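A short write-up of the structure that comes next.
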Amino acid sequence: MEVMVVMPAYFTPTTPVKFINFDYEKLFDEMKEYLGGLSFFPEWETFWYKLFLEADEQIINYIKEFPNSNPIIQRLKHNQASVDYEIFNYEQIRNGGSFYMHFDVEKMKKYQKYNSLPIKTIKLDDLAIDPDTPLLKHKFNDVNLPYFVRMYGTRESFICVDGNKRILAKMEKGQQEFDGYLFEDHILQDMFLGAPDLSYYIFNKECEYMFRVMNEQDSTDQDVLQVTQMYLQQNNDQS
């Protein structure tokens, strides 16, 4: 198969979209160690390469159309300063490099305000905290609940996309479990700032689900295939 170079993006509320070098070939080599024995692995790999290339093309077209800009600046225009708009950039380090997912925290806050979200208690060992978070001890008294997201392809099962300072202050006092609003997958898909981030998130989730099914007793390749986007898309096209 031809080697295809895909470049995810990175931006903050005040900085323009830029490409980040990421070696997807190494990512698929990593997946091949766990999933390479599946009969449909080559077709599955090609399917996801195509999706990632389409995402890459979206980024290229966006930068051409809106040079020195980003989705936040484009959305706000003159109504609000982009520096006041809160997003959370999560860096996932893989064999291919760093992939950044951009979470729309402002949109998540608005959703939580008008909708009911489950509150989940998460142990510290299962929670990834932003390593750049400063310790602000007064945040210990902040009673607002943080926002949690289920993450795939990482050691910790959850990340905190809002409230890292609150959690860090409570960790300093010895707290080991934290309550927070859980943004489940069907809600989370609307909270990314771009289709490339969502595609990468779905890819990681799919890999974990495939691995789970593989390890079930008496499972077959067909059983694993049925949890893939490739299978779902092919069946939707035929219906």
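The values are calculated or read from the model by the stated rules, or taken from the named source; none is laboratory data. Just so it is clear, the structure is predicted and the values come from calculations on it, not from any experiment. With ideal geometry, Cβ positions are generated from the backbone for all residues, glycine too; neighbour counts draw on all protein chains shown.
Annotations for the structure displayed:
- Some residue of the range 115-126 being surrounded by fewer than 19 Cβ atoms within 10 Å (Cβ to Cβ) and within 17 Å of the chain's Cα centre (by Cα): yes
- Only one of the listed residues (Met210, Met191, Met230) is under 17 Å from Ile87 (Cβ atoms), aliphatic (A, V, I, L, M) and either touching a helix residue (DSSP H, G or I) at 6+ places or on another chain (Cβ under 7 Å) or surrounded by 15 or more Cβ atoms within 10 Å (Cβ to Cβ) (or both). That residue is Met191.
- Scan of the range 100-114 for residues that are out of contact with any Phe, Trp or Tyr (no Cβ under 6 Å at 6 or more places or on another chain) and either free of Cβ contacts under 8 Å to residues at least 40 places away in the same chain or of a type in the set (Val, Ile, Thr) (or both), ordered by number: Lys110, Lys113, Tyr114
- Residue selected from the range 42-58 under the condition surrounded by 18 or more Cβ atoms within 10 Å (Cβ to Cβ) and at pLDDT below 90, by the criterion nearest to Ile202 (Cα to Cα): Ala55
- Residue match in the range 175-188 (condition: surrounded by fewer than 17 Cβ atoms within 10 Å (Cβ to Cβ) and among the small types (Gly, Ala, Ser)): no
- Here Asp218 meets the list (1) in contact with a Gly (Cβ under 7 Å, 6 or more places away or on another chain); (2) at positive phi almost entirely, failing just condition (1).
- Filtered residue count, the range 174-193, keeping only those that are farther than 18 Å from Glu91 by Cα and in contact with a Lys or Arg (Cβ under 9 Å, 6 or more places away or on another chain): 11
- When the range 143-167 is filtered for residues that are loosely packed, with under 15 Cβ neighbours inside 10 Å and over 17 Å from the mean Cα position of the chain (by Cα), the ones remaining, listed by number, are Val143, Asn144.
- Selection of the range 178-231 for residues being in a loop (DSSP other than H, G, I, E, B), aliphatic (A, V, I, L, M) and closer than 25 Å to Tyr62 by Cα yields Met191, Leu193.
- Some residue of the range 87-102 being assigned to a loop (DSSP other than H, G, I, E, B), surrounded by fewer than 18 Cβ atoms within 10 Å (Cβ to Cβ) and modelled with pLDDT of 90 or more: no
- Residue match in the range 14-24 (condition: surrounded by fewer than 17 Cβ atoms within 10 Å (Cβ to Cβ), within 30 Å of Val213 (Cα to Cα), of a type outside the set (Ser, Thr, Tyr) and at pLDDT below 95): yes
- Hits in the range 189-235 - residues which are β-branched (Val, Ile, Thr) and free of Cβ contacts under 8 Å to residues at least 40 places away in the same chain: Ile202, Val213, Thr220, Val227
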